[in-house]
1. So how many residues does the range 341-383 have that are of a type in the set (Gly, Ala, Ser), in contact with an Asp or Glu (Cβ under 9 Å, 6 or more places away or on another chain) and part of a strand (DSSP E or B)?
2. Out of Lys518, Lys439, report the one residue that is surrounded by fewer than 16 Cβ atoms within 10 Å (Cβ to Cβ) and without any contact (Cβ under 8 Å) to a residue 60 or more places away in the chain.
3. Name the pairs: first residue in the range 464-487 and within 15 Å of Cys394 (Cα to Cα), second residue in a helix (DSSP H, G or I) and open to solvent by 10 Å² or more (accessible area, probe 1.4 Å), Cβ to Cβ under 6 Å, at least 6 apart or on different chains?
4. From the set of residues in the range 286-304 that are over 22 Å from Asp456 (Cα atoms) and touching a Lys or Arg at 6+ places or on another chain (Cβ under 9 Å), which is modelled with the lowest pLDDT?
5. From the list Lys88, Lys94, Lys61, Lys57, which residue is open to solvent by 10 Å² or more (accessible area, probe 1.4 Å), under 19 Å from Leu183 (Cα atoms) and in contact with a Lys or Arg (Cβ under 9 Å, 6 or more places away or on another chain)?
6. From the residues in the range 119-135 that are touching a strand residue (DSSP E or B) at 6+ places or on another chain (Cβ under 9 Å) and open to solvent by less than 50 Å² (accessible area, probe 1.4 Å), which one is nearest to Ala31 (Cα to Cα)?
7. Tell me, which residue of the range 146-177 that is within 16 Å of Cys41 (Cβ to Cβ) and not in a loop (DSSP other than H, G, I, E, B) is farthest from the chain's Cα centre (by Cα)?
8. Out of Leu563, Leu534, Leu528, report the one residue that is more than 39 Å from the chain's Cα centre (by Cα), farther than 19 Å from Thr331 by Cα and in contact (Cβ under 8 Å) with a residue 12 or more places away in the chain.
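The values are calculated or read from the model by the stated rules, or taken from the named source; none is laboratory data. Treat the numbers as computed from the prediction; the structure is a model and nothing was measured. Glycine gets a Cβ as well: all are built from the backbone with ideal geometry, and neighbour counts include every protein chain shown. Side chains included, ligands, DNA and RNA excluded: accessible areas come from the protein's heavy atoms. Shrake-Rupley method; radii C 1.70, N 1.55, O 1.52, S 1.80 Å.
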Amino acid sequence: MTWANKLYETYENCSSFAGINDHGIILMPIAHTTVSANIECCLDSSGNLYHAMVLPKEEAKTMIPCTIESSNRTGSSACKVPHPLFDKLFFMAKDFKEYSDNEKCKESYGIYEEELSKWCKSKVGNDKVRFLLEYLKKGTLIKDLVRLGILFCDENHKLIGKWEYDDEKPAIFKVADQMNAVLRFRLGDDIEGLWEDTEIQNSFINYYVPTIEKQDLCFVTGKMMPITTKNPAKIRNVADMAKLISSNDSTGFTYRGLLTDSEQCMAIGYMTSQKIHNALKWLIDRQGYRNLSSQLAIIVWGTHHVDTVDPLIDTGTLFSDIGEELGRPSTHEEYAKTLNKAINGYGSKRFTQLEDVVVMGIDSATPGRLSIVYYNELEGSNYLKRLKKWHLSCAWQNQIRYEAQGQDEKGNIKYKRIVYTGAPSPKSIINVAYGKIVKETLMKSTTKRLLSCIIDGKNLPRDIVETVFNRLVSYSTETEREFDESLHVGCAVIRKYLNDMERGTKEEWEMNLDLKQKDTSYLWGRLLAYAHELESTANYLSDKENAAGRETNAERYRKQFQLYPVETWFKIYDNLKPYRNKFRRAKSGGILFNLDTGMNEISAILEINDPSLISGPLKKSFILGYCAQLDEFRKIKLEKKQNKVEREED
């Protein structure tokens, strides 16, 4: 139960945020939950309903008081277990029986009024809640909402179940069934709605908690207190019915004959359970990583300073989040120095010496059950060390990320393409390995495996690396830009894998072009890049407008080249003859000379013309040499362009 202790500790440390709505993110007070409200009603000082509106989806999230029973209501009995303050129309409308023939819900208002009256009559009751109760007792809620054009009746003065008319569908039918619409109230010109009033929140907590009679030892805090066997749902979102702690099978094999009830397995105090679950909900809403899956939620937080660095982001986003400039380091040493300085500075400002960081992943095995699929606790400094190690070891130059830059005229989000040196995000790795569309189960399992590599320092799984390599060397249907992005992500993965496998036996693989590298596969990769550069440059010189995106022989034969480099190279080399003529016609013989010189130097090292050379599949370092050489060509072109601009300015 360490995870429970850490969540409880986090809630206690952050209790000053309880009940505060921060752009829709709320740390729930105990005995509260969230619902999606559909209608907001306004009462004047005389207790009359003078205004109401249907709420848009983005404003619907509403915090309401709840009891153990109401927060766990299900099935046919749900219409007899109301929430204490705000609920569905059939609970809050005394005149519901006049407007509906639904027999199951005709007694719901009576139960609701009885429970609300107990709270209002107690010593800790709230005057605003009493004011609302007096209005509801009038029995005109549905009548008033029909008058205001919010609800609609048929010719028999009954609420319409489904809109089947030719007229435009009213707003309420776009968000809810009328009888199941959830209501919330505001009094007069109050800036705060009743659901936001801290006095009402505290009033209900002080009223409800003492009414829980069952006392026992809480297994989390070790104290005697009111306990509960029904724990909250709605952990990942308001529609999430999966529970992290539950026991509802007293007749099957749950206890295996050893125990008689769930309390003998584990007892949790009501307030403890509320704080644990509310802290978890808040952390997921606030900083949970759910981009990869709708079910898997990964959260990382400090027990005192909950904000911390997300482990599942790329290096460019990491620097942006911690407010540092990454720049474009040209060497591994320069990059390592920049990363060390940024993370060490962040750690000294963010974490105390003894503060822990918790990494937790939760997933739903079934629609009703949540499980903890990953859990680790680390000192804050140790957590940052592991992040730093990942971003150093899985780095490659010219990575790409996209940053939101407002909206265009049509309301679509615009993204800025940013080039950086560093590690890609796990999402990018998964997309390179398995494509842009990935099954949910594969996405979740791969995310968990990569998370363990980042936090626990495990080596990258071989099957993922093999899949990445095979996709990069195979024929690609991606656009030139898309493949370039995938190539650089893949090189980061392969470089890390090779360095981990060869640790202590060889020098580390560089993330930029290494002219001293004599590895055969690496050199073959460089040679293929030369062939690609020669052909693509020739195409540009002869037809600048149509050169972009034209496939070269090097790209077309990349997979065959990796399997049979010698035989394929002679074929590619012969195909370069017409492209050499394009250089001559464009009077760019100097460029051709430089490319030929580079190819000849690499060919001499490889001894391509030696008949005793045995052709065989190239290793993973092939793709590193290929990408590094292409990046070097890009760098040379950029420097020439900059020099030309400087000369023109002079």
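1. 2
2. Values: Lys518 fails: without any contact (Cβ under 8 Å) to a residue 60 or more places away in the chain.
From the options Lys518, Lys439, the qualifying one is Lys439.
3. Val465/Tyr497; Val468/Val432; Ser486/Val432
4. The first filter runs over the range 286-304 and keeps only residues over 22 Å from Asp456 (Cα atoms), leaving 286, 294-295, 304.
Still in the list and also touching a Lys or Arg at 6+ places or on another chain (Cβ under 9 Å): 294-295.
Values: Ser294: 65, Gln295: 80.
Across the range 286-304, the extreme among qualifying residues is Ser294.
5. Working: Lys88 fails: in contact with a Lys or Arg (Cβ under 9 Å, 6 or more places away or on another chain); Lys61 fails: in contact with a Lys or Arg (Cβ under 9 Å, 6 or more places away or on another chain); Lys57 fails: in contact with a Lys or Arg (Cβ under 9 Å, 6 or more places away or on another chain).
It is Lys94.
6. Taking the range 119-135 and keeping what is touching a strand residue (DSSP E or B) at 6+ places or on another chain (Cβ under 9 Å), we get 119, 128, 131-132, 135.
If we keep only those that are open to solvent by less than 50 Å² (accessible area, probe 1.4 Å) as well, we get 119, 132, 135.
On the way: Trp119: 14, Leu132: 20, Tyr135: 25 Å.
Among residues in the range 119-135 that are touching a strand residue (DSSP E or B) at 6+ places or on another chain (Cβ under 9 Å) and open to solvent by less than 50 Å² (accessible area, probe 1.4 Å), the one nearest to Ala31 (Cα to Cα) is Trp119.
7. In this case the residue turns out to be Arg147.
8. On the way: Leu563 fails: more than 39 Å from the chain's Cα centre (by Cα); Leu528 fails: more than 39 Å from the chain's Cα centre (by Cα).
Criteria check complete, one pass: Leu534.
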